Amino acid sequence: MDTLLEDVRHALRRLRHAPAFTTVVVITLALGIGANSAIFSLVDTILLSPLPYRAPGELVTIQHHYPSIGLDAPVSAPGFRDYRDRTRSFSHVAVERQWSANLTGIGDPQRLRGGKVSGDFFAVLGVGAALGRTILPDEDAAGRDHVVVLSDGLWKRLYGAKRDAVGATMSLNGEPYRIVGVMPPSFRDFWSADVELWTPIALDPALFTPGNYTNEWLDLTARLRPGVTADAAAREMRAFADRLKHQYPDQFAPDWTLRVVSLDQLATGKIRPALLVLLGAVGFVLLIACANVANLLLARAAARGREVAIRTALGARRRDIVRQLLTESVLLSLAGGTLGLALAYWTVRSLVALNPGNIPRVAELRVNGTVVLFTLVVSVATGLLFGLAPALQAPSGDLRRTLSDAGGRGGTTDRGGRRLRRALVVSEIALALVLLTGAGLLIKSFARLSGVDPGFDPRDVLTFNLSLPATRYPNDTVRRVFFDRVIPAIAAVPGVKAVGGTSGMPFSGSWSTGSYNVEGYQPPPNGNGPWGDIRIITPGFPQALHLPLRRGHLFTDLEASGAGRVALVDEEFVRRYYRHGEDPIGRRIWFGPSTPDTSTRFITIVGVVGHSKEEALDAESRPQLYLPYAQTSDIDFLDIAVRTSGDPMRYVGAIRRAVQGVDPDQPLARIRSLDEMVSASMGQRRLSVVLLGVFAGIALLLATIGIYGIMSYSVTQRAREMGIRVALGARTADVLGLVLRQGMMLALVGVAAGLAGSLALTRLIASQLYAVRATDPATFATVALLLSAVAFVACMLPARRATRVDPVEVLRDE
């Protein structure tokens, strides 16, 4: 221990006497280690940390799976009942549906995001209340369902964290609900992170008829029985699906089946590849930083050759020298790790503040003890890695020759060190090129995706949701009266150009699909019938979004409220279900059995609009069917789109006053601009592009410093040779070319190795690219030229210094 402490004290003295060297090394390492710590915090939170429920590995969901159309749907009421009661793989099964409630009586009216859950919901998750209790199994029945459990955040916001809130009554949608419990601060609803309260779901017995088996609207969570694996449960559910199709042959599509998916896989499946790519990228950055620092230490070790040789001559053993050099390396790495941890903390705080869209569990992101331990381990390992080469280069053998070389000609015999330094620079350039190529591909992909036309104009459009409580709006008639009054009131606000409502705003995460029949279309044998997105809209919705009309006409107010049922379809609908050149205007569609009867209500197509994106700009297109709100029943909410003159957020206050002029207790919920919603749909891709771009930039900077450093060191070491060449008549161009050839040879070898590595590794990000090949020649060529140009500049600076060597001064020193 005394020896170690002495080595540390000696290393600190050496580093304190070389402040410039120490600063450069610490900053270089901080960039590499900090990047790794920041990305590891993402990986730890999203991929490694278990979901905040008891035994999360036992939690799964069941999905209705339609392979031919690529759809995974939630379950239905009869499905929930049968999967709970007629299967053996699950100990508990619960369902949830998203719900919104208008809160009144506590300050201004506001909309709260909630979940309606079955009685076993909290038992399935294995999480109890922090205060009070959770929902009881028998409370998911009509007449017993007016109890509510609050999230910790909502409890603190509404009741100031007062314990007597439990037992109090709150008014939700005009009905009294008794507060029975408060959940712990760490509890998050799996299906929607912004849910703030939970009430029982009282399913109407009429929903459990077999005809509702594909009325899919309930998110299901199940806990596997002890000893049952997810694979075994999946096999049972596939067999159960086959029995259902045999029992009810008219209810299911030919390829309909049931899937069992773990909650962990569902939460991380889409982002896992991107995070693993980023983790590999920061690993490359760290390797480049290590190579850079190893080069600096090798150069420093060569300069310290005489010192080390004298210490050896005075009796120091080789292992003592190696230990001393490694101690310096580890101290530098720990200092870099400490600064890197600060950079990681700042980066993580920034990510949480930005809250990029489509990133799961981002609110839980922290630099915790696991990340600190990871940083410590990486720092020590990094110190040993980059310190090993200089330590092994410590002089041994013929001390007389070492002392003579160290004191004479600038280390001209350090051939092994020069070869290692050149190999390190080549490696830096190769790794930097791989990162730059990956970043270039993602940037090009993101640019192309950003240029995709969503099918509407999202600029200057304000969106929000209006939901009508059943106590005040108990039937379709009064609900239609409300919307018939409120939409003109919003349209009368100065600066509003158009207003429309829909059952599902594009890019809101709310969408509905269904199957129907198309007159004249015959599905292929054993294939699925017509299917696609179904939106309920008011007549002004297409104008509010600037949906282009391709054929026919849009809904008129008279037509939308008339007895004859009408519809709009999109271009994708026409492409799939009509022959080329066939006119769909006047053709009919219908819901229900494929063979119409006297009870069939036909819907006539009156117009064709352009296809609009629904979930994401790169999502697969589905046919879209638009039905008039006035001809639809049981719709108690609408997403409203308001096209404005200029920034839509400036109109929120005036629009809120217009709405509350119709109903003073009606709040506006989920207020966002449509532009923001489209942008948020690319949040995950944007995060990958930004982070990988930053890491590639750091790699380029470090590689540039590396090649500059080795060329600068080479010029210094060869000053005598340069002086003699000039004295013998060498021209400036000859000296310049000599240095540039040496540097650019290293750069070109690194570029060639990097291109080979890129061809192999960029295939790993192929799934994250849009309209760009993983071997895109333009990107490869651009990156190779960029790196070569930067290397040329980095070589030029020491090369110009070499041309200014004064042969008289050099030879006088000799």
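Before moving on, here are some points about what is shown:
- The residue among L207, W191, S151 whose Cα reaches farthest toward the positive pole of the charge dipole of the stretch 144-207, with charges on the beta-carbon of Lys, Arg, Asp and Glu, is S151.
- The 3J(HN,Hα) values that the Karplus relation (6.51, -1.76, 1.60; θ = phi - 60°) gives for the stretch 522-535 are, in residue order, 10, x, x, x, 6, x, 6, x, x, 7, x, 6, 10, 10 Hz. Gly and Pro appear as x.
- Point-to-point label distance, H546-N215, nm (Cα→Cβ direction, 7 Å offset): 4.0 nm
- With 0.36 nm allotted per residue and the present C-alpha distance subtracted, the E175-R448 stretch has 93.3 nm of extension available.
- With both residues required to sit in the stretch 46-162, DSSP beta bridges show an antiparallel share near 100%.
- HN-Hα J in Hz across the stretch 733-750 - Karplus 6.51, -1.76, 1.60, θ = phi - 60°, x for Gly and Pro: 4, 5, 5, 4, x, 4, 5, 5, 4, 5, x, 5, 4, 4, 4, 5, 4, x
- Summing Cβ point charges (Lys, Arg +1; Asp, Glu -1) relative to the Cα centre of the chain gives a dipole of roughly 3440 debye.
- Accessible surface computed residue by residue for the stretch 430-515, with neighbouring protein chains in place and a 1.4 Å probe, gives 38 Å² per residue.
- For peptides 209-217, 547-555, sequence by mean Cβ density within 10 Å, most packed first: 547-555, 209-217
- Estimated FRET transfer efficiency when R0 is 45 angstrom, pair D636-R763 (beta carbons, to 0.05): 0.35
- Estimated distance in nm for a label pair at R144 and R272, the labels positioned 7 Å out from Cα along Cα-to-Cβ: 4.0 nm
- Cross-link reach is defined here as a Cα-Cα straight distance under 22 Å, omitting same-chain residues fewer than 8 places apart; for K116 the lysines meeting it are K156.
- Peptide packing for 439-448, 359-368 was compared via the average number of neighbouring C-beta atoms within 10 Å per residue; ordered from the highest value, the list is 439-448, 359-368.
- Residue list for the stretch 659-703, given a label point 7 angstrom along the Cα-to-Cβ vector of A492 and an amide N cut-off under 13 Å: 659-663
- The length gained on full extension between T604 and R243, counted as 0.36 nm times the residue separation minus their Cα-Cα distance, comes to 126.3 nm.
- Highest mean packing comes first when the peptides 191-204, 654-667, 512-525 are listed by Cβ atoms within 10 Å, giving 191-204, 654-667, 512-525.
- Which of V499, A730, S512, positive extreme of dipole for the chain (C-beta unit charges): A730
- Estimated inter-spin distance, R741 and D255, nm [label 7 Å along Cα→Cβ]: 6.4 nm
- Virtual paramagnetic centre 7 Å along Cα→Cβ of R657, amide N under 15 Å, in the stretch 459-491: 489-491
- Charge dipole (Cα centre; +1 on Lys/Arg Cβ, -1 on Asp/Glu Cβ; no other charges) of the stretch 182-227 amounts to roughly 300 debye.
- FRET efficiency, R731 to L785 (Cβ-Cβ, R0 25 Å, nearest 0.05): 0.30
- Potential lengthening between Y521 and T556 on full extension [0.36 nm per residue; Cα-Cα distance subtracted]: 9.8 nm
- Rounded to the nearest 20 debye, the dipole magnitude of the stretch 78-195 is 160 debye, with +1 charges on Lys and Arg beta carbons, -1 on Asp and Glu beta carbons, and the Cα centre as origin.
The values are calculated or read from the model by the stated rules, or taken from the named source; none is laboratory data. This one's a predicted model, so the numbers in the text were calculated from it and none came from an experiment. Counting neighbours? That spans all protein chains shown, and the Cβs are built from the backbone with ideal geometry, glycine included. Please note that ligands, DNA and RNA were not included when accessible areas were found on the heavy atoms of the full protein model with its side chains. Shrake-Rupley method; radii C 1.70, N 1.55, O 1.52, S 1.80 Å.
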